[in-house]
Amino acid sequence: MPALAELTRRRQRVVFVAPPYIPYAPALDAHGLDLRYVVQLQTTANEGAWSAEQCLRSGSCGAVLGWLHEADYTQLRRLQLAAESGDALAFLFRPARVAGKASPAALRLQLHADAAQVDIEILKCRGNIDPRSSTRLRWRA
């Protein structure tokens, strides 16, 4: 949220593509996002990856958050290249069942939550991770 808030302070758009729920504006505002720069795109499953790619490539968005349940490797690679060429952050939320599939993403995380805490598992990280260190992080509310 701090990164998204900073982007909106710089007058860069933050785009939500096919979120499963309507983003809650009071919560976004409470976290410092300027709502004038927050956009929601409701798309079909087939249009989601294309819409996210266009937003990332445009150079007019600071970040794109997409819920892409059926994206294949080629689509993910296109999104990665679009984010790099458009100098934008890309956050993709995908089902846990695809965690074992290949992805061109520089960083992949899997969240496991219960009522008391959230475990964050690093599935992939570009660069070096010490194999002796844990790839699980814990966050308690």
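Just so it is clear, none of the values below were taken in a lab; they were calculated from the coordinates. The structure presented is a predicted model; accordingly, all values stated were derived computationally and were not measured. Every residue, glycine as well, gets a Cβ built from its backbone with ideal geometry; the counts of neighbours run over all protein chains shown.
Entry note, the chain: relative contact order of 18 percent, from Cα contacts under 8 Å with a spacing of 6+ residues. Its Cα centre serving as origin, the chain has a Cβ charge dipole (Lys and Arg +1, Asp and Glu -1) of approximately 280 debye. Label separation (D114 vs A5): 3.1 nm, computed from points 7 Å beyond Cα along the C-beta direction.
When the chain is treated as a GNM with alpha-carbon contacts under 10 Å, the residue of R78, R57, R126 showing the greatest mean-square fluctuation is R126. GNM remark for the chain: springs join alpha carbons under 10 Å apart, and the peak mean-square fluctuation among G86, G100, G32 falls on G100.
Label sites at L107 and T74, each approximated as a point 7 angstrom past Cα along Cα to Cβ, lie 3.0 nm apart. The loop-placed chymotrypsin sites (Phe, Trp or Tyr not before Pro) in the range 10-77, going by DSSP, that have at most 11 neighbouring Cβ atoms within 10 Å of their Cβ come out as Y21, Y24.
Take every DSSP beta bridge whose two residues both sit in the chain; close to 45 percent of them are antiparallel.
Per residue, the Cα convex hull of the chain amounts to 131 Å³.
Take the Cβ atoms of R36 and F93, set R0 to 22 Å, and the FRET efficiency comes out at 0.35.
Residue separation times 0.36 nm, minus the C-alpha to C-alpha distance between Y21 and S85: what's the value? Numbers along the way, then the final one.
Working: separation 64, 0.36 × 64 = 23.04 nm, distance 2.90 nm.
Net length gain for the segment: 20.1 nm.
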